Amino acid sequence: MRAAYPYIVEPRNTTMVWISDFYEFQNDRPLFEMIKGVKESGVKFIPVGSLKGSGYYSVNEWFRVKLKEIGLPVLSGSIQKLIEELKHLL
């Protein structure tokens, strides 16, 4: 997130797709607060979790709940489902 944030020049005209399992090694809150700040700045933030075919299907449940609470449900499933969801969201 720290690497991506400087590229946000016009938040209301920016979409960020974040693909992750959201496991932050017992340090979830800093990343969550950064994501929350990006969303509140006006960026359309789209969290993407596990995808079938990636070989790994787990997404940090804490993040899944916290992101949903702020209106950012984590997308997961097949790649085709992701493509359809992104078309709808964008």
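The values are calculated or read from the model by the stated rules, or taken from the named source; none is laboratory data. This is a predicted model, so every value here is computed, not measured. Counting neighbours? That spans all protein chains shown, and the Cβs are built from the backbone with ideal geometry, glycine included. Surface areas here come from the heavy atoms of the whole protein model, side chains and all, with no ligands, DNA or RNA. Shrake-Rupley method; radii C 1.70, N 1.55, O 1.52, S 1.80 Å.
Every test in (1) modelled with pLDDT under 90; (2) surrounded by 15 or more Cβ atoms within 10 Å (Cβ to Cβ); (3) of a type in the set (S, T, N, Q) is passed by SER58 save one, and that test is (2). Of all the residues in region 15-31, those that are over 12 Å from ASN60 (Cα atoms) and open to solvent by less than 30 Å² (accessible area, probe 1.4 Å) number 2. Listed by first and then second residue, the pairs linking a residue in region 28-49 that is among the small types (Gly, Ala, Ser) to a residue that is open to solvent by 60 Å² or more (accessible area, probe 1.4 Å), with Cβ atoms under 7 Å apart and 6 or more places separating them unless they lie on different chains, are GLY42/ARG12.
For region 64-83, filtered to residues that are assigned to a helix (DSSP H, G or I) and in contact with a strand residue (DSSP E or B) (Cβ under 9 Å, 6 or more places away or on another chain), the residue that is least open to solvent (accessible area, probe 1.4 Å) is LEU67.
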